[in-house]
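The values are calculated or read from the model by the stated rules, or taken from the named source; none is laboratory data. Fair warning: this is a prediction, and the values are worked out from it, not measured in the lab. We place every Cβ from the backbone using ideal geometry, glycine too, and count neighbours over all the protein chains shown.
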Amino acid sequence: MAHTTMMTLHPAGELLNDRYRILKPLGRGGLGFTYAAQDLQTDQSVALKVLSLRRAADWKKLELFEREAKVLAELNHPSIPRYIDYFQVDSDQDRSFYIAQQLAPGQSLEQWIEAGWRPSEEEVELLATQLLDVLVYLQTRLPPVFHRDIKPQNIIRHENGQLFLVDFGSVQDTYRQSITQGSTVVGTFGYMAPEQFRGEAVRGTDLYGLGATLLFLLTGDSPAELPQHQLKLDFRAALPGLDSFFADWLDRLLEPRVSHRFATAQVALEALHQRQLLAPPPPKTLVKPLGSPIQVSQSDDLLTIKIPPVGFRTPQIQRLAIANLIWNGLILFIVVMIVSLQLFLAPAKFLSFMVLVAIGLFLLVKYIYAALTVTHVDVILGQQMIQMRKVLLDSAYEKMRSPYALDQPKSTPPATLKTHWWWPWRQAPLTYCSIVLRSKRCKFGGFLTPQETQWLTQEINDFIGR
């Protein structure tokens with residue numbers, strides 16, 4: 001009953017915003033209803049999506065609706081209907097919000113299948129290529145854009161084979177997510193990657209939805225109806241004649257664990273074109289050094305590193321402590337001699353002495369910061385973001401949040417080891433972790449052992465490159 005009332009909210013012929021004349025209802029999306037309308041300014045057909053504030057269950061729907069408009073306004077791809085307008089209309093009892101887009105010509109893949117269309121394997125591969133091209137565009141945006149609701153109903157196919165990806169109502173603008181990745185579960189059962197049930201989305205999330213959509217085209221049935229084994233869809237029995245490579249490629253798209261899927265749409269597209277799956281990542285060559293108090297944990301989209309105060313436990317910090325003892329001891333000895341002998345220092349000698357004091361203070365401050373600092377580093381995979389915070393006595397004295405660079409040469413990993421030749425021991429340089437950011441570097445771990453910095457560098461590169 002509510003559905004009928006909403007669908008007749010705007011009857012054919014009604015004029016909205018003095019510009020859009022309603023033609024007919026098109027259907028219901030994730031956040032509202034969509035109508036076909038005529039743009040009187042351009043005399044073109046548009047899709048008009050509406051969200052009623054009075055009928056919205058919570059403010060989150062309005063936030064998602066506004067986010068959809070914001071993201072669409074920044075997109076420009078031939079397979080994404082062009083954004084036209086965003087406006088609101090007030091009445092005595094309600095306020096409605098509208099997004100106007102180019103009307104995608106054709107029918108949804110679901111409608112094509114219901115009408116009896118049965119694409120061949122070659123046609124499905126061609127559709128996969130077109131959709132991956134759209135996902136590559138979305139994932140290489142800064143920040144990356146995740147659709148989060150890839151399914152047959154949201155893919156429009158024209159008679160000439162042109163595809164359009166529609167309904168960005170579940171879109172994720174990654175800069176707006178917190179480190180916990182939010183808690184809103186969006187998507188459609190059967191096409192949702194397992195991490196979406198936890199409210200998370202990463203670059204591989206839309207690849208899972210793509211794989212499930214391709215299965216629907218090949219089988220004519222919802223992926224939810226296929227048998228599963230440990231959350232993995234078992235589709236091979238339903239498609240006995242499927243090309244072995246394409247079956248393996250689909251398997252990679254539909255892996256329940258993000259780390260086992262293709263890392264990006266670009267990698268999946270290259271594998272499909274080259275008819276060759278990438279080899280699994282090599283086993284780790286470095287493990288956590290025995291006795292190290294550093295804590296490293298990771299989920300599908302977040303790597304967290306916590307480095308507790310170094311104290312006096314590493315040779316690097318011990319050398320700094322010894323340098324402090326010798327240097328500041330020398331200063332103390334000079335002070336005692338001056339006071340006990342009641343010496344008067346000439347200006348030149350006094351200036352030299354103050355230089356010694358300045359160096360001693362520098363060493364002392366350096367030791368305090370190095371020995372007592374707690375370092376937190378978070379690598380946020382979906383946002384391609386590094387977040388670092390250094391805390392001394394419960395006060396953060398250094399904060400950093402910046403995208404890491406993925407456009408480096410393939411031979412240059414995001415995280416590298418750097419050497420710092422730091423007086424007074426040139427024969428014992430410090431090594432620290434250095435992550436290449438888009439505008440600078442993230443540096444930490446300068447007073448850890450070399451084994452610890454090598455291990456942390458490997459952990460970061462393995463996580464980013466998975």
From (1) surrounded by 15 or more Cβ atoms within 10 Å (Cβ to Cβ); (2) under 27 Å from I460 (Cβ atoms); (3) not charged (D, E, K, R), pick out the condition that doesn't hold for P308.
-> (1)
Test for V287: is it assigned to a loop (DSSP other than H, G, I, E, B) and surrounded by 15 or more Cβ atoms within 10 Å (Cβ to Cβ) = no
Of the candidates L253, L242, the one satisfying the condition of being assigned by TED's automatic domain parsing to the domain that holds T140, at pLDDT 90 or above and touching a helix residue (DSSP H, G or I) at 6+ places or on another chain (Cβ under 6 Å) is L253
If we keep just the residues of region 291-305 that are over 15 Å from Q458 (Cα atoms) and not charged (D, E, K, R), which is farthest from the chain's Cα centre (by Cα)?
-> G291
Pairs under 7 Å by beta carbon, first residue in contact (Cβ under 8 Å) with a residue 40 or more places away in the chain and surrounded by fewer than 21 Cβ atoms within 10 Å (Cβ to Cβ) in region 130-151, partner aromatic (F, W, Y) and not in a loop (DSSP other than H, G, I, E, B), six or more apart or different chains?
-> P143/Y175
Residue by residue through region 310-331, note down the ones that are closer than 23 Å to P293 by Cα and either in contact with a helix residue (DSSP H, G or I) (Cβ under 9 Å, 6 or more places away or on another chain) or of a type in the set (D, E) (or both).
-> V310, G311, F312, T314, Q316, I317, L320, A321
Which residues, counting only those in region 323-367, are surrounded by 13 or more Cβ atoms within 10 Å (Cβ to Cβ), among the aliphatic types (A, V, I, L, M) and closer than 22 Å to P308 by Cα?
-> L363, L364
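Conditions (1) within 36 Å of the chain's Cα centre (by Cα); (2) not in a loop (DSSP other than H, G, I, E, B), marked per residue:
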site: L9; (1), (2): no, no
site: K60; (1), (2): yes, yes
site: I80; (1), (2): yes, no
site: Q93; (1), (2): no, no
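List the strands (runs of 3 or more DSSP E) that sit entirely inside region 325-406 and contain at least 3 residues that are of a type in the set (D, E, K, R). Spell out how you get there, then give the answer.
On the way: elements: 374-380, 385-392, 395-403.
Counting at least 3 such residues, we get 395-403.
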Specify the residue that is modelled with the lowest pLDDT; the eligible residues are those in region 63-92 that are under 11 Å from G169 (Cβ atoms) and hydrophobic (A, V, I, L, M, F, W, C).
-> L64
